[in-house]
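Here's the structure we're looking at; comments come further down.
The values are calculated or read from the model by the stated rules, or taken from the named source; none is laboratory data. All values reported here derive from a predicted model rather than from experimental measurement. Here the Cβ positions follow ideal geometry from the backbone for every residue, glycine too, while neighbour counts run over all protein chains shown. The protein model used for the area step is the full one, side chains on, heavy atoms only, and it has no ligands, DNA or RNA in it. Shrake-Rupley method; radii C 1.70, N 1.55, O 1.52, S 1.80 Å.
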Amino acid sequence: MGPILHLLTYVCMIVFVVAVVHKFNEYNKMPMHLRWELYPVAHEGKKASYGGSYFEEVDWWEKERTVDMGTEMKQMSQEILFLAAVKEHNPKLWLRTFPFHFGMYSLIGFLMLLIAGALLGVAGVDMSGGGFGTVVGTLTAIAGFAGAVLGAIGALGLIARRLFDEDLKDFTKPSDIFNLVFLLSVFLLMAATGASDPYFTGLREYVQSIITFNINYVPSNPAAVGAIALASLVVAYIPLTHMAHFVVKYFTYHNIRWDDRPNVPGKDPMGDQIAEVLQYEITWAASHINPNGTKKTWAEAATENPEELKESK
Amino acid sequence: MAKPKDTKLSLNDFGKPCDRLAHMNPENLMPMSRPLDCREPEWSPLKEETKEKYMASLDDTLVLNIPRPQSKREEQELVRKFLSGVEKLFQKNNNWTFLQPLVSTVEHCAKCQTCSDSCHIYESSGKHDMYRPTYRSEIFRRIYQDYIHPSGRYHKTWKNGGEIKLSWLTVARLGELSYRCNICRRCAQSCPIGADNSVVAREIRKVFSQELGIHTVELHDNGSMLQLKVGYSTGMNPEIVKDNIEFIDEDMSEKTGMKLETPWDKKGADILLIHNAGEIMAWPENIGAFTAIFQSAGLNWTMSSEALGYDNINYGLFYDDVQFARVVIKHFQCAQKLGVRKIVFGECGHATKAAMIIADRILTGDLNIPRESCFPLLKQLVEGGSLKLDPSSNNFPVTLHDPCNLVRLMGIVQPQRDVIKKICPKFREMTPHGVNNYCCGGGSGFAIHSGHNFEEWRFKISGRKKLSQILNAFSDCIEPETKKYVCAPCSNCKGQIRDILGHYNLWNDAGITYGGLVELIVNAMTDVKPNYIDWDEII
Ligand code: SF4
Ligand code: SF4
């Protein structure tokens, strides 16, 4: 049992890392696209409060462009931690999705604390002997319970909404329900583990066994074994689904919505990239683009006169 | 409150053969305030011969005019070409322009529907399912995932909740549905993931144009093609344009008492001013006002008389990346020849965004000429004291429409407000405004589409929210005796607002008219004849 459980966890950890790196690379390797920003752009500093941009200045290209990472970080953290956009635009959904996401964040915190506790254990610190070990142990318990309970409430709310809400029903796929039920079972097993082992000692010892490759260790609590198995699988599964939006959001915000980097006239910082994409071959078949099916690049297509193409047809 | 039954439409019904898939029942439309707090009339029906000739079974109107296939082979050909186009959208060589925004939206939308309530078209229709921002995207997504994505055939039901029946009708309806979105991107603003359903609408339009050669006559044949052929999308060549502007100079000289003279082709000028040349025919007083302001302020400016150099329109922005690039390159070649220091765009949102933002990653080297919107410059002139102004000339209620392209999509929010606040003592904002504004309903080229009964759709559905905002902004003075002005500093928006005010007879019934920003400035200038905005001329 012990080796199988450990193997599962190791494999799932590897799948998670590989899938996240793959997803990141997939987006990162995409070519430059046309500008498509959407205001407010968070790093516009004071102007961000009303959605303004550097285009509000006469001769904007001659002025020093300031990128305020402070306002960007502030907005990012509000978005990530509190799901600010959902709260503003869909408060009914927020009541369900906020506990769900916060539950997950708490469980990530819980995992970090388990790792901290496991390392303290490796260093010989007694987790129940008062002092630092106890602080970590108590925080672990709080994060574990909070994560499990909030996550379960959120997941139940989201399942009900997906199944019964008029606006969502038609768009709900079997995989959406499966994903939520999958996560719900992890939250519930985590809660069950905590119910019989409030300081999650079994889980901490398991994390310690993962770090020390003690592959024969098996927690005595069956709920903990179930939680470990399912949580491992969830970790591997999430980046393979549309739930990988935690990676993609980086691109939708930084590369699209907030990407207002100008190709400043006179400086042309993107000249090389533009030259590269304009050499891509284009195979669009409409008669105003390529009536004869000849090979051509974007640069060629963009400088052709479609009237002459008509004649050459 | 339960949704009326006739606002519901399942995704699985999209390919269902029937005469009309969705009807926007006038009973369900978003209610309006005084004086439009009454029921809308029924839709004018599409003609029988239209229905025979084109796929006209989406809703109550028609704009794309996709010919009905005449044989099984033609049906299959339509589907084949469509799939081939969709495949190209996901290839970096064919679609580097929008690959990342498209893939992120297709793969990661959570279908949470947070965006639905942000859409004025969805809200105005009485929340009809078909007009949700996500509806067309989901049909597109399922087609992509089922028929293009390598793993599609294995997990149709699991991942997509059911297979979309792919027929010529599904394809043609999806094409038509891509023209029920203003591409205003208000929905994208509310998306927590950063997905953008407007991109999907635009990419579908691109497949139809770039692969199938199907586009609206207004945007393509009479739009970008004509512009590339003769220089301007109404067919006016450089000579005719120069004559017309000369005539405007004379007319507006009389109106202002100034001796107005548009400078042409001045090499090395500080500013090349490019108008939306639609103003020449429709709103000559806007062109005249720019001339009056630039001349009074002593600016070193010019217009170009070269084909395309006098017309900033770029309809490719709405449906075709290649046409977009062709037009923008011509615009900048004109500026390059004159060797101007910078280009300033007149009051036109889509053209300003096209040239400043979208073209920013197309133009390099000598073609990458500095360019800006006219609003910051106007603010500088108004605040800097180079114009003598008396705000009391504008002592009537004024509200400001925020053109999506300039405001939400470029972040030019404050300069036009600063101008208006300085010269219009009775200015009031719409609710909401700035980057949260609603589209006028003419966005993405709709303002120039009126075929069949599409104009009705612009009035009843896409323009409804804006009109409601206008009425609400003037609710304290809605009686026709108080003359009111909607400042719409964008040609497309102005056209839509003109049409919608006219359709509902709101000049006579509520005393509401419209115009640009520069007309208000000239109306407040003390060294020109009074009444540049002439209420008696409004009919
Ligand atoms: S586009 Fe965004 S807001 Fe709309 S359904 Fe998808 S994830 Fe939700
Ligand atoms: S882009 Fe505008 S019109 Fe289109 S779906 Fe979004 S909100 Fe509606």
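If you average 1/r over every pair of different alpha-carbon atoms in the protein assembly as shown and take one over that average, what Kirkwood value in Å do you get? Provide the component values of the computation, followed by the final result.
Details: mean 1/r = 0.0344 Å⁻¹.
Hydrodynamic radius (Kirkwood, Cα pairs) of the protein assembly as shown is 29.1 Å.
Just counting partner chain Cβ atoms within 10 Å, what average do the residues of peptide A:39-45 show around their Cβ?
Going residue by residue through A:39-45 and averaging, the value is 3.
Show me the helices of chain A, taken as full DSSP H stretches, that run 27 Å or more along their long axis by Cα and average 0.0 or above in Kyte-Doolittle hydropathy.
Both cut-offs are met by A:2-28, A:91-122, A:132-164, A:174-196.
Take the alpha carbon atoms of segment A:238-269, find their center, do the same for segment B:301-327, and report the distance between the two centers in whole angstrom.
28
Below 8 Å, C-alpha to C-alpha, sequence gap of six or more: please give me the relative contact order for segment B:201-344 in percent.
Computed value for segment B:201-344: 31 percent relative contact order.
For segment A:219-289, which trypsin sites (Lys or Arg not before Pro) pass both filters: DSSP loop (anything but H, G, I, E, B) and at most 10 other C-beta atoms within 10 Å?
none
Can you give me the long-range amide H partners of B:Met525? Hydrogens built in the peptide plane at 1.01 Å from N, cutoff under 5 Å, separation of 5 or more residues or another chain.
B:Asp390
Starting from segment A:28-70, pick out the trypsin sites (Lys or Arg not before Pro) whose DSSP state is loop and whose Cβ has at most 11 other Cβ atoms within 10 Å.
The qualifying sites are A:Lys29, A:Lys63.
Count the net charge of all other residues whose Cβ sits under 10 Å from the Cβ of B:Lys422, scoring Lys and Arg as +1 and Asp and Glu as -1.
Cβ neighbours under 10 Å give a net charge of +1.
Under a point-charge model restricted to the Cβ atoms of Lys and Arg (+1) and Asp and Glu (-1), what is the dipole moment magnitude of the protein assembly as shown relative to its Cα centre, in debye to the nearest 20?
The dipole of the protein assembly as shown has a size of about 2280 debye.
Please check: in the Gaussian network model of chain A (C-alpha springs, under 10 Å), which one of A:Thr140, A:Thr201, A:Thr172 has the largest mean-square fluctuation.
In the Gaussian network model the winner is A:Thr172.
Which pairs break 31 Å Cα to Cα here: A:Lys46/B:Lys421; A:Lys46/B:Lys337; B:Lys51/B:Lys127; B:Lys426/B:Lys529; A:Lys47/B:Lys388?
A:Lys46/B:Lys337
Under the definition of Cα pairs under 8 Å and six or more residues apart, what whole-number percent is the relative contact order of segment B:382-539?
28
Please state the relative contact order of chain B as a whole percent: Cα pairs under 8 Å, 6+ residues apart?
14
Between B:Asn508 and B:Lys92, what is 0.36 nm times their sequence separation minus the Cα-Cα distance? Round to one decimal in nm.
144.4 nm
What residue among B:Leu308, A:Thr138, B:Ala172 has its Cα farthest toward the positive end of the dipole of the protein assembly as shown, where the charges are +1 on Lys, Arg and -1 on Asp, Glu, each on the Cβ?
The Cα lying farthest towards the positive end belongs to A:Thr138.
For A:Val18, tell me the accessible area in Å² from a 1.4 Å probe, rounded to the nearest 10.
Ignoring ligands and nucleic acids, A:Val18 comes out at about 90 Å².
To the nearest 10 Å², what's B:Leu387's accessible area with a 1.4 Å probe?
For B:Leu387, solvent-accessible area is about 10 Å².
Starting from the coordinates of the alpha-carbon atoms of segment B:220-379, obtain the Kirkwood hydrodynamic radius over all distinct pairs and give the value in Å to one decimal.
Evaluated over segment B:220-379, this radius sits at 15.6 Å.
For segment A:179-278, run through the chymotrypsin sites (Phe, Trp or Tyr not before Pro) and keep only the ones in DSSP coil with at most 10 other Cβ atoms within 10 Å of their Cβ.
Of the chymotrypsin sites (Phe, Trp or Tyr not before Pro), the ones in loops of segment A:179-278 whose Cβ has at most 10 other Cβ atoms within 10 Å are A:Phe213.
With both bridge residues required to lie in chain B, what share of the DSSP beta bridges run antiparallel, to the nearest 5%?
Around 10 percent of the beta bridges assigned by DSSP in chain B are antiparallel ones.
Report the Cα centroid-to-centroid distance between segment A:119-153 and segment B:190-252 in angstrom, as an integer.
For segment A:119-153 versus segment B:190-252, the Cα centre distance is 63 Å.
Per residue of the protein assembly as shown, what 222 nm ellipticity follows from adding -39500 (n - 2.57) for every DSSP H run with n ≥ 4, rounded to the nearest 500?
Theoretical 222 nm ellipticity from helices: -14500 deg cm²/dmol.
Pick from A:Pro291, A:Pro91, A:Pro174: which residue has the top mean-square fluctuation in a GNM of chain A where Cα pairs under 10 Å get a spring?
Highest fluctuation among the options: A:Pro291.
Under a Cβ-only charge scheme (Lys and Arg +1, Asp and Glu -1), can you give me the dipole magnitude of segment B:387-537 about the Cα centre, in debye to the nearest 20?
500
Given points 7 Å out from each Cα along the Cα-Cβ axis, report the B:Asp265 to A:Leu119 separation in nanometres with one decimal.
7.4
Would you tally the net charge around A:Ile228, using a Cβ to Cβ cut-off of less than 14 Å, leaving A:Ile228 out, and scoring K and R as +1, D and E as -1?
-1
Report the residue, chosen from A:Ala19, A:Ala143, A:Ala299, that carries the largest GNM mean-square fluctuation when chain A is represented by alpha-carbon nodes joined by springs under 10 Å.
Top of the fluctuation ranking is A:Ala299.
Could you run the Karplus curve 6.51 cos²θ - 1.76 cosθ + 1.60 with θ = phi - 60° over segment A:290-297 and give me ³J(HN,Hα) per residue in whole Hz, x for Gly and Pro?
Once rounded to whole Hz, the list reads 8, x, 9, x, 7, 6, 7, 9.
Add +1 for every Lys or Arg and -1 for every Asp or Glu among the other residues with Cβ under 9 Å from the Cβ of B:Ser450, and state the total.
-2
Using the Cα gyration tensor of segment B:5-211, with a ≥ b ≥ c the square roots of its eigenvalues, what is the shape: rounded (a/c below 1.5), prolate (a/b larger than b/c) or oblate (neither)?
oblate
Sorted by packing (mean other beta-carbon atoms within 10 Å per residue), highest first, where do B:364-372, A:154-162 land?
Highest to lowest by the protection proxy: A:154-162, B:364-372.
Over chain B, with a single point scatterer placed on each C-alpha, what log10 of the ratio I(q)/I(0) does the Debye formula yield at q = 0.05, 0.07, 0.09, 0.11 1/Å?
-0.20, -0.40, -0.66, -0.98
On average, how many beta carbons from a partner chain sit within 10 Å of the beta carbon of a residue in A:231-242?
Numbers: counts 0, 0, 0, 0, 0, 0, 0, 0, 0, 0, 3, 8.
For this peptide, the per-residue mean of nearby foreign Cβ atoms is 1.
Considering only C-alpha atoms, what is the centroid distance from segment B:78-137 to segment B:373-446, in Å?
31
If you place +1 on the Cβ of every Lys and Arg, -1 on the Cβ of every Asp and Glu, and leave all else neutral, what size is the dipole of segment A:128-272 about its Cα centre, to the nearest 20 Debye? It would help to have the intermediate numbers written out before the result.
On the way: 9 positive and 11 negative charges, 31 e Å.
In debye, rounded to 20, segment A:128-272 gives about 140.
Which peptide among B:181-187, B:348-354 comes first, and what is the full order, when sorted by highest mean count of other Cβ atoms within 10 Å?
Numbers: B:181-187: 26.0, B:348-354: 28.4.
Sorting B:181-187, B:348-354 by mean packing, highest first, produces B:348-354, B:181-187.
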